[in-house]
Amino acid sequence: MDDPTRDDPTATVSASVTGGLRQRLRWTPDGAVHDGPRRYLLMRPDVLMGVLRRLPEAARAQALAAFADSVADNGVDSIRAYFRQVGEDPSALLATTAAAAADLGWGAWRFEPGRARLGLVVEGSPFAVGHGPADAPVCAPIAGMLRAVASVSTGIEVDVTETRCVACGAARCEFEARWAAC
Ligand SMILES: [Zn+2]
């Protein structure tokens, strides 16, 4: 069924800024979980990431890249609307994003803004925990969300790299968005 608010991110996100996501989630009798018009899914991280573990290495890399792209593409409208709601204040956008991440069980996020970069440190990434030991970083969904946040707050497309990952033996996952300084 068409959702009339789907193309109006301002309508769907305004409540996100005024209250915590955790308080807004609603379980409906049809077996769905909603934040307003947006449906969510609760899933064990080991089940989700077990899909990737079962893929050959090349396919796993492709799947992770697609995962990052999907999160960035689907999340950017919401991030853009958050940004407008907080008066285009980058610090407020980062605080709102970190709070929403925690409410979704995506770990404890700490942004580290810098010149021509935006760092992100994540403790307890469910993607790393769910995947288990790996030869390359696996937290592509977080990288995708950082790409959306950095692109919206800077107004330019940015590249994001996960520079350290718990799945590779690091103590925490670290990400970096970089763009050209001018
Ligand atoms: Zn990671």
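FYI, it's all coordinate maths here, none of it is from the lab. Everything numeric here is computed off the predicted structure, so don't read it as measured data. Backbone-built Cβ (ideal geometry, glycine too); neighbour counts: all protein chains shown.
Neighbour counting of Cβ atoms within 10 Å sorts the residues VAL149, VAL71, VAL160, fewest neighbours leading, into VAL71, VAL160, VAL149. Look at where the Cα atoms of the stretch 52-97 and of the stretch 162-180 average out, and the two centres are 15 Å apart.
With r as the distance between the Cβ atoms of VAL86 and TYR40 and R0 = 22 Å, compute the FRET efficiency 1/(1 + (r/R0)^6) and round to 0.05. Don't skip to the answer; put the middle values down first.
Numbers: r = 22 Å, r/R0 = 1.01.
E(calc), rounded to 0.05, equals 0.50.
Under the classification rounded if a/c is under 1.5, otherwise prolate if a/b is larger than b/c and oblate if not, where does the chain fall, given a ≥ b ≥ c as square roots of the Cα gyration tensor eigenvalues? Oblate is the answer for the chain, as a/c is 1.5 or above yet b/c matches or exceeds a/b.
Backbone phi angles across the stretch 113-123, fed through the Karplus curve with coefficients 6.51, -1.76 and 1.60 (θ = phi - 60°), yield HN-Hα couplings of x, x, 6, 6, 7, 9, x, 8, 10, 10, 9 Hz in residue order; Gly and Pro are listed as x.
Taking a ≥ b ≥ c as the square roots of the eigenvalues of the alpha carbon gyration tensor, the stretch 23-83 is oblate, as a/c is not under 1.5 and a/b does not beat b/c. Treat every Asp and Glu Cβ in the stretch 51-131 as -1 and every Lys and Arg Cβ as +1, leave all other atoms uncharged, and give the resulting dipole magnitude about the Cα centre to the nearest 20 debye. Here the stretch 51-131 has a charge dipole of around 220 debye. Going from the fewest other Cβ atoms within 10 Å to the most, the residues ARG84, ARG54 appear in the order ARG54, ARG84. With the simple model of a label 7 Å out from the Cα in the direction of the Cβ, ASN74 to THR154 spans 2.5 nm. Screening the chain for DSSP H helices whose Cα atoms reach 30 Å or more along their own axis and whose mean Kyte hydropathy is at least -1.0 gives 57-85.
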